[in-house]
Amino acid sequence: MQKKAGDITHTLCGQTLHLMPERCVFWQEERALLAADLHLGKEGTFRAAGIPLPDGPSLETLERLKLALERTGARRLFILGDLFHGENAVATVAPIMDVWRHNHPLAIDLISGSHDQWSGELPKAWQIRVHHKPFYFGPFTFCHYPEENPQTYSLAGHLHPGVLLKDRSNTDALRLPCFQFGKTSAVLPAFGFFTGLTMIKRLPGDACFVIADTMVVSLQR
């Protein structure tokens, strides 16, 4: 992995996780990249509603994913749900996804998310292994919806976690995406370019890492 100054290393369950400002995680021991909520094709949902939007968000998301894979040298990709967004999103994005998949023939596992259910069937040529239930791998459970499992540590997406940061005078505020690690589960930020944020509630003992442009910053309570 080509580390950047903006990365933060977080040790979990005896494993080394590199939290990246690209909004994903590199699992060092398995040489695997973890990403959640790409929401490819979301712009098509808006076009169907009469709002003209180009394919830029999906193209930008796939380009950032390409750069993250190249920087880490990942040999496997785990997507924690919502790879696609909206009805017929797979067909809408297929032309650009065909090219991207041809250029990146690594192993891909998709844990099916809420939006993937109606986005359409994935072409066999993409060779994406789909899991409709949480997927147990090593010390972790990969899932879309955050869940508690006493036997393993869960890594999930779905929430698009973010935090609200204010200055001391409360006159300025920023909403930034984050990684949230609790005692038994963690939630990754949404990787997709065209996604929103849900402000999280931080519990005692949580480790929260905010993505501030090109840096991941540990947020102390």
Residue pairs qualifying under the 7 Å Cβ cut-off, at least six apart or on distinct chains, with the first in the range 116-142 being in contact (Cβ under 8 Å) with a residue 40 or more places away in the chain and the second being hydroxyl-bearing (Ser, Thr, Tyr), are 139/152; 139/153; 140/152; 140/153
| request: Consider residue 164 carefully, then state whether it is outside any helix (DSSP H, G or I) and touching a residue at least 60 places away in the same chain (Cβ under 8 Å). | output: no
Residue pairs within 8 Å by beta carbon, gap of at least six or interchain, first lying in the range 55-78 and within 15 Å of residue 94 (Cα to Cα) and in contact (Cβ under 8 Å) with a residue 12 or more places away in the chain, second assigned to a helix (DSSP H, G or I) and of a type in the set (Val, Ile, Thr), listed first then second, are 55/93; 55/96; 58/93; 58/96; 59/96; 62/96
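Return the only residue of 209, 181, 191 being among the aromatic types (Phe, Trp, Tyr), within 30 Å of residue 93 (Cα to Cα) and in contact with a Leu (Cβ under 9 Å, 6 or more places away or on another chain). If you could, list the steps in order and put the result at the bottom.
Working: 209 fails: within 30 Å of residue 93 (Cα to Cα); 181 fails: within 30 Å of residue 93 (Cα to Cα).
Answer to the selection: 191.
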Log entry, pairs with first residue in the range 80-103 being within 9 Å of residue 120 (Cβ to Cβ) and touching a residue at least 24 places away in the same chain (Cβ under 8 Å), second being acidic (Asp, Glu) and part of a helix (DSSP H, G or I), beta carbons closer than 7 Å, six or more apart or on different chains, reads 84/116
Cβ pairs under 6 Å, 6+ apart or interchain, first in the range 1-18 and surrounded by fewer than 16 Cβ atoms within 10 Å (Cβ to Cβ), second basic (Lys, Arg), ordered by first then second residue, are 2/71
Filtering the range 91-113 down to residues that are assigned to a loop (DSSP other than H, G, I, E, B) and either surrounded by 13 or more Cβ atoms within 10 Å (Cβ to Cβ) or of a type in the set (Asp, Glu) (or both) yields 104, 106, 112, 113
Looking across the range 114-134 at residues that are surrounded by 15 or more Cβ atoms within 10 Å (Cβ to Cβ) and assigned to a loop (DSSP other than H, G, I, E, B), the single one that is nearest to the chain's Cα centre (by Cα) is 115
Next on the checklist: Going by what's in this entry, would residue 144 be described as modelled with pLDDT under 90, buried (at least 20 other Cβ atoms within 10 Å of the Cβ) and not basic (Lys, Arg)?
Outcome noted: no
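The values are calculated or read from the model by the stated rules, or taken from the named source; none is laboratory data. Everything numeric here is computed off the predicted structure, so don't read it as measured data. Cβ coordinates were reconstructed from backbone atoms using ideal geometry, including for glycine residues, and neighbour counts include every protein chain displayed.
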